[in-house]
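These notes concern the structure reproduced below.
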Amino acid sequence: MEARKPSEAEAERLVETYADLILRLSYTYLKSTHDAEDICQTVLLKLMNGKQRFVGPEHEKAWIVRTTANACKDALRSGFRKRTVALDEAPETEAPGEPDSDVMDTVMALPQKYREAIYLHYYEGYSVREIASLTGRSEAAVSAHLSRGRGKLRTMLEGAYGEQGI
Amino acid sequence: MNREYNKAMDGLRFSPEAKKRMTANLAAAQEREQAARPKPDAYAVRGGKRRWRYAAAVAAAVVLVAGVGGVASATGNLMGMGNVFDDLFNGPPAQTEVVDKIGRPIGASATSNGVTVTAEAIIGDRTNYAVVFSIAKDDGTAFEGIEPLENGVLPLGFESGSSVHIDGTMSGGGDGRFYDADPSDNAIQYVERMSVTAIGSSIIGHTARVNLSDLKMYGGDGSTSHVVAEGEWNMKFAVDYEDTSVDLPAGGAIEVSGMDATLDSATVSPIALTLEYTVHEVLNWEDQESGRMSDHNQDEMDRFLDPSVTLNMKDGTTVEIDALRGAGGTRENTNSTSCNKSIMFDEFLNLNDVVSITIGGTELPLA
């Protein structure tokens with residue numbers, strides 16, 4: 001692919017292609033959509049300003065996933081959201097509405113590493129090996145997170161969805 | 001169950017209005033950052049006739065290797081920028097009262113691959129700021145093999161594309177340098193100074209977004225480098241400090257490189273002098289291919305962006321300021337050229353010690 005060029009067309013392509021992915025992934029990590037737009041701007045601006053070269057759309061998407069995950073982890077680690085409280089006095093745009101779903105609520109009650117694995121595997125369709133590469137974890141760890149996550153979900157949902165499997 | 005999970009995720013999306021807004025913000029931010037990060041060996045030039053041309057006389061990569069030309073400090077009234085930051089952390093020497101107003105600790109940090117970057121503090125005024133970061137390995141060991149240059153600057157830089165961007169700014173110019181404030185600890189410091197053009201009158205209250213990647217060390221003449229710490233460090237913080245800028249009397253005649261001009265506005269703060277003036281001649285801009293500025297155009301911009309500046313101190317001494325080092329922009333009108341110029345001081349200036357500032361041959365008293 002060509003190097004990123006500073007243009008509105010490129011910004012539009014990136015937003016249309018990746019904004020919702022970044023929103024969903026940041027929601028998975030942060031349990032909130034409040035900072036998704038900031039995370040999205042941070043990640044996409046980094047892509048536009050960087051000198052990354054991608055061999056194809058999947059390579060670019062993988063970079064987006066990794067960078068978004070890092071941005072979310074930094075946000076959690078640094079107290080990002082706590083500090084943004086002071087900024088709330090400035091006009092804020094409305095955050096996207098959060099899902100109203102019992103299953104989603106249950107998934108979001110799982111530990112972060114389980115949520116991460118479940119989102120990347122079941123929603124984005126990445127294999128265990130690909131998730132291991134994206135997250136810097138071992139394949140065994142990712143498999144364990146998926147397996148234990150499924151187990152916890154079954155227990156938490158008490159059979160309501162058990163017959164459908166996950 | 002996974003169907004319901006996927007269905008719920010499908011419903012989680014930005015509205016078309018939000019995407020439109022994000023696209024516009026992203027394109028604008030990208031353009032601003034390109035303008036704020038000129039190529040190391042060339043002026044950044046944007047726009048054609050009648051639009052602002054923007055120039056930053058000192059670019060980060062040059063500074064990293066060559067260091068910053070210092071302002072001649074003829075008196076004891078100026079203190080080093082490093083000392084200013086020391087005051088923020090260690091207080092409270094002589095000028096803490098002023099420093100406390102214009103400087104604020106931040107404390108935002110990000111960690112990647114065992115290296116933590118922390119935005120320690122920011123000082124600034126309406127359109128100029130200096131922010132200092134500390135960089136340290138989490139295992140407590142120091143970065144090995146990084147020897148300071150003769151001027152004390154460490155030959156380091158972040159990967160191209162790294163940026164500190166403040167929302168609501170259109171363009172800017174400045175410099176950055178690495179140093180080791182305390183060789184007895186394992187942290188090194190990076191200070192970035194920028195003068196920006198803000199949408200509105202001030203950057204105070206806006207959000208700063210920091211995106212840094214891969215710390216590199218330059219070798220020899222600066223043409224080679226290798227990565228010292230691989231990683232990505234992203235954070236944001238509020239630009240929050242008290243504006244202690246003083247507006248100088250404007251509207252009078254000044255002289256810029258022998259040309260008649262009118263001073264439209266002048267503001268001085270402890271860290272910078274910010275000027276707007278109109279030169280009553282039209283800058284002779286020659287068309288050029290995009291990219292590196294031609295020698296002719298560079299000379300022309302230098303001619304219009306080099307007002308003589310002298311600080312007149314209360315103790316009777318004077319300090320000459322090299323205005324060419326600052327960032328500035330020009331815009332040609334029918335019979336004149338509008339200019340803006342921001343000159344960040346290399347050292348902290350206590351305005352209580354300044355009687356007046358002579359700009360383009362005209363002495364302007366501080367109120």
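Between residue A:112 and residue B:320, the C-beta separation translates, for a Förster distance of 51 Å, into a calculated FRET efficiency of about 0.35.
Each residue of segment A:139-149 is assigned a 3J(HN,Hα), and the resulting list reads 4, 4, 5, 5, 4, 5, 5, 5, 5, 5, x Hz, derived from the Karplus form 6.51 cos²θ - 1.76 cosθ + 1.60 (θ = phi - 60°), x at Gly and Pro. Subtracting the Cα-Cα distance of residue A:147 and residue A:13 from 0.36 nm times their residue separation leaves 44.6 nm of extension gain. Under the criterion of Cα pairs below 8 Å and six or more residues apart, the relative contact order for segment B:136-252 equals 25 percent. What base-10 log of the normalised intensity I(q)/I(0) is obtained for segment B:243-310 from the Debye formula, alpha carbons as equal point scatterers, at q = 0.17 Å⁻¹? Relative scattering, expressed as log10 I(q)/I(0), comes to -0.71.
When the listed pairs A:61/B:216; A:113/B:7; A:73/B:236; A:31/B:137; A:46/B:341 are checked against a 19 Å cut-off, the alpha-carbon distance exceeds it for A:61/B:216; A:113/B:7; A:31/B:137; A:46/B:341.
Label positions at residue A:95 and residue B:141, each projected 7 Å from the Cα along the C-beta direction, are separated by 4.0 nm. Among the residues of A:19-26, the average count of other protein chain beta-carbon atoms within 10 Å of the residue beta-carbon is 3. Kirkwood radius, segment B:123-279, all distinct C-alpha pairs, inverse of mean reciprocal distance: 17.9 Å.
Here the 3J(HN,Hα) profile of segment A:53-63, calculated from phi with Karplus coefficients 6.51, -1.76 and 1.60 at θ = phi - 60°, is 10, 10, 8, x, x, 5, 5, 5, 4, 4, 4 Hz, Gly and Pro shown as x.
Near residue B:299: Cβ cut-off under 12 Å, other residues only, Lys/Arg at +1 and Asp/Glu at -1. The net charge is -4.
The order of B:241, B:190, going from fewest to most other C-beta atoms within 10 Å of their C-beta, is B:241, B:190.
As a proxy for reagent exposure, B:260, A:35, A:100 were ordered by neighbouring Cβ count within 10 angstrom, fewest first; the result is A:100, B:260, A:35. Less than 5 angstrom separates the built amide H of residue B:112 from those of B:117, all sequence-distant by 5 or more or on a different chain.
Considering segment B:276-367, its Cα convex hull presents a mean projected area of 7.2 nm².
Every read-out reported here was derived from the displayed coordinates using simple, explicitly stated rules and does not represent laboratory data. Since the structure is predicted, the reported quantities are computational estimates derived from the model, not experimental observations. Note that each Cβ is placed from the backbone with ideal geometry, even for glycine, and that neighbours are counted across all protein chains shown.
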